[in-house]
1. For region 1-33, which residues satisfy the criterion of being free of Cβ contacts under 8 Å to residues at least 60 places away in the same chain and out of contact with any Ser or Thr (no Cβ under 9 Å at 6 or more places or on another chain)?
2. Out of the residues in region 495-526 that are among the β-branched types (Val, Ile, Thr) and exposed (fewer than 15 other Cβ atoms within 10 Å of the Cβ), state the one that is farthest from Gly458 (Cα to Cα).
3. Report yes if some residue within region 535-552 is at pLDDT 90 or above, surrounded by fewer than 13 Cβ atoms within 10 Å (Cβ to Cβ) and assigned to a loop (DSSP other than H, G, I, E, B); otherwise report no.
4. Taking the condition among the aliphatic types (A, V, I, L, M) and either in contact with a Pro (Cβ under 8 Å, 6 or more places away or on another chain) or within 23 Å of Val3 (Cα to Cα) (or both), does Ile118 pass?
5. If you go through region 55-84, how many residues are within 18 Å of Leu150 (Cα to Cα), assigned to a loop (DSSP other than H, G, I, E, B) and polar (S, T, N, Q)?
6. Within region 34-81, how many residues turn out to be within 24 Å of Leu2 (Cα to Cα), free of Cβ contacts under 8 Å to residues at least 40 places away in the same chain and open to solvent by 60 Å² or more (accessible area, probe 1.4 Å)?
7. Pick from Phe368, Phe345: which is closer than 30 Å to Gly298 by Cα and assigned to a strand (DSSP E or B)?
Amino acid sequence: MLVIQPNEQGEYKTIYWDDLNVSGAEVFNNQGSAFVSTTNGVGDVTSPSLVISSFAPVDGAELAKNESIRIQFNDLINTNEEVIASALSLQQADGSELASNTYNITATNTLAGANIVISFTEELSYTGALNVNLSTGIQALNTYSILSPLTIDYLLVDGKRPSINAINRVIDGEEVQHFFHANGTEMVRITGENFGDNLGELKISIGETLLQNSKVTQLSNELIEFVLPDLFLANEVITLPITVERNGLSVVKQGAIVILPAISIDDIAPISGSPQGGNTVDLFGSGFNHSTEITFGGVQAGDLRVINSGHIQVRAPAGTYGYAPVAAVNSQFEYVEVVSPIDYFYAEKEKGSVDLNTDKASPVSAIFLKDQVLYAVTGGHYDVIGEKSGRIEKVLRSNVARLVVTNVADPVRPIIIEKEFANVLKPYHIDVTGGLAPEGFVGLVGEGTNLFALGGKGLYHFDITLPTSPNLLNTLELDGTARDIAIDGDLVYVSDSVGIHIYKITDQRTIRRIKTITSIELKGTTDKIYLEGNSLWASMPNSRRVIEVELMSGEYNIVRDVPINTLAGKRVRPRDLLVKNNLLFISTGNLGTVELFSLDDESGTAVASLNLAYLVRNGDLFLVN
């Protein structure tokens, strides 16, 4: 570190140096003294000479009579009144001395160096140019004189300059912090001095915006209150100065108000979790900062991490089953709570679970439970949810067709029953070579010792006399792509893209087709089917209908045809169905509703619509019977 100083010729020369033994050291000013950072902390810089380190106001400034002049030194000085008075002079424009009774001089030594303050008395009547001269008569305590003299020019003006002590937001008459949204609804209070009581003498500016007098609600010599106008800053974070001018004399408070965007929550992800909490939840919106507090059902979330003003992460607190409103409060605006349009759902944790083999993408498409053995088939698709959008961005389809057998005698610890293939144990009992297009298995039903899996263009018949070791008996090729399957005794009903097929299980455990009701006869293609009493019901999404086929006569006639219209008259696609007590329940898939129809002799009439209370966003609704 070097200390340089001008010589008699005005050239700067090094007069002192010191080895800091640290790279990247910084030198900074603290009032009058200079300090440098070292490996041991911060230390003061040795200064061989007494110098003036700063003065205020700046040279050439206007000076009101209620203001003072402050001159700061880098070291302690001789504060004897006679010494100070002999070294300091204040001259008027004509070169004459300013009367001594119109100003006071105070010299003070502090830990950071000395300072001289010049203030004016009520006796001062002079206005005009003022020249302040400080000679080398000022001496340090070691009797060394100041290195060079100082001359400052000011313009003394009549009147008193306003001063600002504090700026706050006001709520119900109480002062709070200086943070604002600048949306045209907030009250600002400025406290200080010399504001006067005549609004016509004042000009108030927020940044570059001149405040209209009509916005001022209260004015006294020590207080100004006004409504902060809408500054149309959108989502900007910005600090603005406030300028108060009275009769040409102004004061500027830099960084007086901090403008922050209002908090809003647009989305959360994920939207559900277990009741014990602890998982990370991302919130997207605006106005987030480190003062933001997030609550789930009134319980504060922890581990707040601010990614940016539009994205934060928190750790979900523990909760109870059901929806919990997610709310945000900024402690800088503690009177405003913002609630997310999307609630967080606490889902009960499963009693037990078991993972399928991860060698292939294998979503479970259907299950069948018999006693203490659970059969599951794979197929279907995955919905890919966007990390930021929270919406389905694409669908990944799997044609993997496997039959998995699980022992659920202990529901807390289910165990997958393996089967040996070529001396290697595998966690499944069948894996269709090449899979089944388009989405693997789509259905699974069983009765007695018969188990049927449906997928692609095939119907697979298993014997489950030994429940933990299903044996494939038959494979039947379908005419169309499989949709759904139902079973009743020795009759099996299959819905595919060409119609409904009815098969009989013979005494020899073979499968014989006894009837096909074509899509031409049905006037459309079927999807889900459901057996109720002596009738077979089928949903027809494309034609937005549900039909009932009677089974008693053997003619398989359509006896009811129900158009799926909501109470509002809107035609919707039936996704699944359930029939109970002469009532038809229709689920609408991703619409998330159940439509209820009262059945008559030939059709049905919409009587109610139920929005599912606990529905995962962008999820589908199915009926289980």
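The values are calculated or read from the model by the stated rules, or taken from the named source; none is laboratory data. Every value quoted in this text rests on a predicted model; they were computed, and no experiment measured them. Backbone-built Cβ (ideal geometry, glycine too); neighbour counts: all protein chains shown. Accessible surface areas use protein heavy atoms only, side chains included; no ligands, DNA or RNA. Shrake-Rupley method; radii C 1.70, N 1.55, O 1.52, S 1.80 Å.
1. If the condition is that a residue be free of Cβ contacts under 8 Å to residues at least 60 places away in the same chain and out of contact with any Ser or Thr (no Cβ under 9 Å at 6 or more places or on another chain), then Met1, Asn7, Glu8, Gln9, Gly10, Glu11, Tyr12, Lys13, Thr14, Trp17, Asp19, Ser23 are the ones that fit.
2. First, pick out the residues of region 495-526 that are among the β-branched types (Val, Ile, Thr): 498, 500, 502, 505-506, 510-511, 514, 516-518, 520, 525-526.
If we keep only those that are exposed (fewer than 15 other Cβ atoms within 10 Å of the Cβ) too, we end up with 506, 510, 514, 518, 520.
On the way: Thr506: 19, Thr510: 15, Ile514: 17, Thr518: 18, Ile520: 22 Å.
Checking each candidate, the answer is Ile520.
3. Narrowing region 535-552 to residues at pLDDT 90 or above: 535-552.
Next, only the ones that are surrounded by fewer than 13 Cβ atoms within 10 Å (Cβ to Cβ) stay: 542, 552.
Then keep just the ones that are assigned to a loop (DSSP other than H, G, I, E, B); that gives 542, 552.
The answer is yes, given that some residue of region 535-552 is at pLDDT 90 or above, surrounded by fewer than 13 Cβ atoms within 10 Å (Cβ to Cβ) and assigned to a loop (DSSP other than H, G, I, E, B).
4. On the way: among the aliphatic types (A, V, I, L, M): yes; either in contact with a Pro (Cβ under 8 Å, 6 or more places away or on another chain) or within 23 Å of Val3 (Cα to Cα) (or both): no.
Criteria not met by Ile118.
5. 3
6. Looking only at that region, the number is 4.
7. Details: Phe368 fails: closer than 30 Å to Gly298 by Cα.
None of the others qualify; the one that does is Phe345.
The rows are residues; the columns are (1) modelled with pLDDT of 90 or more; (2) among the charged types (D, E, K, R).
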| position | (1), (2) |
| --- | --- |
| Ile294 | yes, no |
| Gln300 | yes, no |
| Arg305 | yes, yes |
| Ser309 | no, no |
| Ala328 | yes, no |
| Tyr344 | yes, no |
| Thr358 | no, no |
| Pro363 | yes, no |
| Ala366 | yes, no |
